[in-house]
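Engineer: Pasting in a structure now, in structure tokens, and then I'll have a few things to ask.
The values are calculated or read from the model by the stated rules, or taken from the named source; none is laboratory data. Just so we're clear, the structure is a prediction, and the values are computed from it rather than from any experiment. Cβ placement follows ideal geometry from the backbone for every residue including glycine, while neighbour counts extend to all protein chains displayed.
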Amino acid sequence: MSIAAAREVAQVLNAKPNAVLGMATGSTPLGLYQELVRMYARRELDFSHVTTFNLDEYVGLPVSHPQSYHHFMHEHFFRHVNIPPQNVHIPSGTTTNYAAFCDWYEQRIREAGGIDLQILGIGSDGHIAFNEPGSSLSSRTRLKTLAKSTIDDNARFFKERDEVPIYAITMGVGTILEARRVLLLATGKNKAGAVAAAVEGPVASMITASALQMHPNTQVLLDEEAASSLKMRDYYDWVQEKKPNAPKV
Ligand code: GLP
């Protein structure tokens with residue numbers, strides 16, 4: 001899955017070296033980042049004109065905190081590739097004025113020309129970024145209160161559950177839907193229900209990933225376990241099998 005995702009990213013960068021990438025955190029995209037780092041080390045990719053915008057950040061964690069998304073991105077990706085630091089954008093979890101920061105973040109995305117490719121994971125409750133169930137499907141970057149189930153899911157990264165932040169700053173569903181292309185990645189059995197609801201269920205704010213059904217260019221990349229609850233699985237395999245012979249559009 002990670003290699004397939006890296007190929008998609010490489011394709012975007014080859015076509016547009018100054019592409020704007022939307023970045024995600026979590027365990028899911030780790031393999032993708034490792035693969036991109038490998039490709040960069042083999043000089044197959046150049047990030048010197050790339051701009052990035054991360055989806056979200058915990059509120060209250062300093063950037064140096066090992067569980068902050070700033071730290072995660074630096075450790076797993078940014079310090080290994082040549083993206084100019086001034087082109088990297090991650091929401092601030094420590095600003096004094098969240099509303100002003102969120103407006104500025106949206107404005108920066110617009111000034112950069114919009115996001116060409118947004119990488120996404122999915123929460124076990126069907127969220128994208130930190131757009132918890134019930135989030136408006138036209139929401140913009142803002143402060144969100146995390147669902148208890150998300151705090152439980154993410155507690156594995158912290159010493160104590162009490163240390164998991166309760167609030168986050170996140171791109172909205174509406175912000176994400178404006179990306180020109182979206183790659184949604186998911187692995188493991190505990191994502192199977194959320195994936196099936198997002199891909200095959202009704203479009204509903206209770207599963208914010210389902211809003212991607214309205215997006216003109218979203219690709220979903222899954223491992224076997226994450227795909228295991230899809231009702232139309234046979235059809236998707238059939239489509240992949242028949243794709244090479246389809247008339248070119
Ligand atoms: C967090 C992040 C999401 C991510 C989700 C799943 O809630 N805000 O962007 O998709 O976790 O994380 P993981 O990939 O670790 O399962």
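Engineer: Going residue by residue through region 36-49, is there one that turns out to be touching a residue at least 12 places away in the same chain (Cβ under 8 Å), of a type outside the set (D, E, K, R) and within 16 Å of the ligand (Cβ to nearest atom)?
Structural biologist: Scanning region 36-49 turns up no residue that is touching a residue at least 12 places away in the same chain (Cβ under 8 Å), of a type outside the set (D, E, K, R) and within 16 Å of the ligand (Cβ to nearest atom).
Engineer: Name the residues in region 7-34 that are within 16 Å of the ligand (Cβ to nearest atom) and either hydrophobic (A, V, I, L, M, F, W, C) or surrounded by fewer than 21 Cβ atoms within 10 Å (Cβ to Cβ) (or both), would you?
Structural biologist: Of everything in region 7-34, those that are within 16 Å of the ligand (Cβ to nearest atom) and either hydrophobic (A, V, I, L, M, F, W, C) or surrounded by fewer than 21 Cβ atoms within 10 Å (Cβ to Cβ) (or both) turn out to be Leu21, Met23, Ala24, Gly26, Ser27, Leu30, Gly31, Leu32, Gln34.
Engineer: If Glu224 meets every condition in (1) free of Cβ contacts under 8 Å to residues at least 12 places away in the same chain; (2) in contact with a strand residue (DSSP E or B) (Cβ under 6 Å, 6 or more places away or on another chain) apart from one, which number is that one?
Structural biologist: (2)
Engineer: Based on what the data block shows, is Tyr167 under 30 Å from Gln11 (Cα atoms) and modelled with pLDDT of 95 or more?
Structural biologist: When the stated conditions are applied, Tyr167 does not pass them.
Engineer: Can you confirm whether Ser92 is within 16 Å of the ligand (Cβ to nearest atom) and at pLDDT below 95?
Structural biologist: Values: within 16 Å of the ligand (Cβ to nearest atom): yes; at pLDDT below 95: no.
Taking the combined requirement at face value, the residue does not satisfy it.
Engineer: Which of the helices (runs of 4 or more DSSP H) contained wholly in region 139-249 include at least 1 residues that are within 16 Å of the ligand (Cβ to nearest atom) and among the hydroxyl-bearing types (Ser, Thr, Tyr)?
Structural biologist: Correct list: 148-154, 173-177.
Engineer: Could you list all residues from region 1-17 that are within 14 Å of Gly121 (Cα to Cα) and in a loop (DSSP other than H, G, I, E, B)?
Structural biologist: Met1 - this is the single residue of region 1-17 that is within 14 Å of Gly121 (Cα to Cα) and in a loop (DSSP other than H, G, I, E, B).
Engineer: Looking only at residues in region 35-79 that are among the β-branched types (Val, Ile, Thr) and closer than 22 Å to Ala186 by Cα, which one is surrounded by the fewest Cβ atoms within 10 Å (Cβ to Cβ)?
Structural biologist: Taking the candidates together, the pick is Val37.
One line per residue, one yes/no per condition, for (1) under 21 Å from Met1 (Cα atoms); (2) charged (D, E, K, R); (3) buried (at least 22 other Cβ atoms within 10 Å of the Cβ):
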residue: Gly114; (1), (2), (3): no, no, no
residue: Ala192; (1), (2), (3): yes, no, no
residue: Ile207; (1), (2), (3): no, no, yes
residue: Asn217; (1), (2), (3): yes, no, no
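Engineer: Restricting region 102-134 to residues that are within 9 Å of the ligand (Cβ to nearest atom) and small (Gly, Ala, Ser), which is farthest from Ser92 (Cα to Cα)?
Structural biologist: Among them, the one singled out is Ser124.
Engineer: With the condition kept exactly as written, say whether any residue in region 51-63 is farther than 29 Å from Gln107 by Cβ, more than 10 Å from the ligand (Cβ to nearest atom) and either in contact with a His (Cβ under 7 Å, 6 or more places away or on another chain) or without any contact (Cβ under 8 Å) to a residue 12 or more places away in the chain (or both).
Structural biologist: Scanning region 51-63 turns up no residue that is farther than 29 Å from Gln107 by Cβ, more than 10 Å from the ligand (Cβ to nearest atom) and either in contact with a His (Cβ under 7 Å, 6 or more places away or on another chain) or without any contact (Cβ under 8 Å) to a residue 12 or more places away in the chain (or both).
Engineer: Hey, does region 146-153 have a residue that's at pLDDT below 95 and either closer than 14 Å to Gly121 by Cβ or under 16 Å from the mean Cα position of the chain (by Cα) (or both)?
Structural biologist: Yes, some residue in region 146-153 is at pLDDT below 95 and either closer than 14 Å to Gly121 by Cβ or under 16 Å from the mean Cα position of the chain (by Cα) (or both).
Engineer: Give all pairs with beta carbons closer than 8 Å in which a residue from region 122-137 that is more than 11 Å from Ser205 (Cα to Cα) and aromatic (Phe, Trp, Tyr) meets a residue that is part of a loop (DSSP other than H, G, I, E, B) and near the ligand (Cβ under 9 Å from one of its atoms); count only pairs at least 6 apart in sequence or on separate chains.
Structural biologist: Phe130/Leu55; Phe130/Leu146
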